[in-house]
Amino acid sequence: MTDTSPADTWQLSDTEVFSKYGDAFVPRRAEQTAAVCDLLSGIPVRHVLDLCCGEGRLSEEYLRRDPQARVTVLDRSPEMLALTAKRLEPFADRHDSIEADIEDRRWRTGVGYGGVMTSLAVHHLDGEGKRLLYRDIHAMLAPGGVFVMADLVEPAGATARTLAGDHWEEAVRRASEEQFGGDEAAVAFERTEWNHYRLPGPDPVDKPSSVAEHLDWLREAGFVEVDVVWMYAGHALFTAKRKAN
Ligand SMILES: C[S@@+](CC[C@H](N)C(=O)[O-])C[C@H]1O[C@@H](n2cnc3c(N)ncnc32)[C@H](O)[C@@H]1O
């Protein structure tokens with residue numbers, strides 16, 4: 001997941017690669033998507049922000065499950081927002097979009113979302129950026145609202161890091177066989193150096209934090225019921241709730 005411009009985080013070439021191979025590159029993607037939506041069941045306002053929506057996979061599943069729900073999708077990439085708009089066409093007027101950078105604080109205003117979900121994006125922020133984001137998301141949620149995040153995490157030690165890299169590589173190799181009938185996706189995964197755990201780091205683009213740091217920052221932001229509910233190949237799924245009044 002690297003690119004040539006160190007000043008930037010996500011490039012058009014990443015969009016093209018991810019659109020083509022995302023189902024193979026994201027370990028157990030369908031399982032993760034289902035778990036994110038499961039964690040949003042019962043939110044107090046059925047309006048969810050999909051932060052760095054990509055092609056809108058999470059939003060599609062969330063809207064499919066609940067005919068009364070709406071989503072706001074946010075991404076910096078107009079290409080990704082266009083792909084999301086196409087994917088969400090069957091849901092007519094139940095979605096709107098914001099073109100913005102995740103780091104920009106102007107979109108972080110008090111909408112009162114029932115939920116905020118995000119997948120594979122928050123690791124582009126540094127530690128301080130994540131802390132601030134969690135505080136702002138907490139303030140944007142309605143009382144009882146839920147934040148759900150799937151993302152890469154940084155293992156706490158070298159052995160666990162190697163294992164995360166091994167598991168990720170194995171998962172992509174299996175998915176490549178299943179989805180492409182051969183090693184096409186596995187070769188692309190290696191060629192693009194997508195496996196963060198194979199790179200020495202630190203990396204200017206991908207800056208995952210440890211599970212412990214995320215949990216601390218979420219609690220510090222005021223969230224309750226902060227938890228990791230799923231983890232595999234360095235990918236973790238967090239949930240956190242804003243206290244009901
Ligand atoms: C790996 S994709 C994940 C997309 C989607 N959430 C999913 O899981 O399928 C990362 C997404 O984050 C977006 N992105 C990367 N850096 C961003 C930034 N600084 N601000 C807003 N969006 C960003 C990219 O355009 C891309 O759509």
Checklist entry - Roughly how many debye, to the nearest 20, is the charge dipole of the stretch 109-245 about its Cα centre, given +1 on each Lys and Arg Cβ, -1 on each Asp and Glu Cβ, and no other charges? => result 640 debye
Item to check | Degrees separating the helix 127-140 axis from the principal Cα axis of the chain, which is the longest one | outcome: 30 degrees
Checklist entry - When the Karplus curve 6.51 cos²θ - 1.76 cosθ + 1.60 is applied with θ = phi - 60°, which whole-Hz ³J(HN,Hα) does each residue of the stretch 193-203 get, with x for Gly and Pro? => result 6, 6, 7, 3, 7, 9, 9, x, x, x, 10
Checklist entry - Quick one: what do you get for the chain if you divide its Cα Rg by 2.2 N^0.38 Å? => result 0.96
Checklist entry - Of all GluC sites (Glu not before Pro) in the stretch 150-245, which ones are in loop regions per DSSP and have a Cβ with at most 15 other Cβ atoms within 10 Å? => result Glu193
Checklist entry - In nm, what is the difference between 0.36 nm times the number of residues separating Lys243 and His167 and their Cα-Cα distance? => result 23.8 nm
Checklist outcome for this item: With Cα coordinates, the longest principal axis of the chain makes an angle with the long axis of helix 158-180, in degrees rounded to 10, of 90 degrees
Checklist entry - Where the centre of each part is set by its Cα atoms, how far does the stretch 189-219 sit from the stretch 89-127, in angstrom? => result 21 Å
Next on the checklist: Using amide H atoms built in the peptide plane, which far-off residues or other-chain residues are under 5 Å from Leu120 H to H?
Outcome noted: Ala150, Asp151, Leu152
Checklist entry - Roughly how tilted is helix 29-39, in degrees to the nearest 10 and between 0 and 90, from the longest Cα axis of the chain? => result 20 degrees
Next on the checklist: Using the crude model of +1 on Lys and Arg Cβ and -1 on Asp and Glu Cβ, and no other charge, please compute the dipole size for the stretch 187-245 relative to its Cα centre, in debye to 20.
Outcome noted: 220 debye
Checklist outcome for this item: Result for the chain: accessible area per residue, probe 1.4 angstrom, in square angstrom, of 45 Å²
Checklist entry - If you roll a 1.4 Å probe over the stretch 132-245 with all protein chains in place, what percent of the accessible area is carbon or sulfur? => result 52 percent
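Could you tell me which trypsin sites (Lys or Arg not before Pro) in the stretch 65-118 are loop residues by DSSP with no more than 15 other beta carbons within 10 angstrom of their beta carbon?
Answer by residue number: Arg105, Arg106.
The values are calculated or read from the model by the stated rules, or taken from the named source; none is laboratory data. The structure displayed is predicted, hence computed values, not measured ones. Neighbour counts run over all protein chains shown; Cβ positions are idealised from the backbone, glycine included. Note: accessible area is taken over every heavy atom of the protein model, side chains too, but ligands, DNA and RNA are not part of it. Shrake-Rupley method; radii C 1.70, N 1.55, O 1.52, S 1.80 Å.
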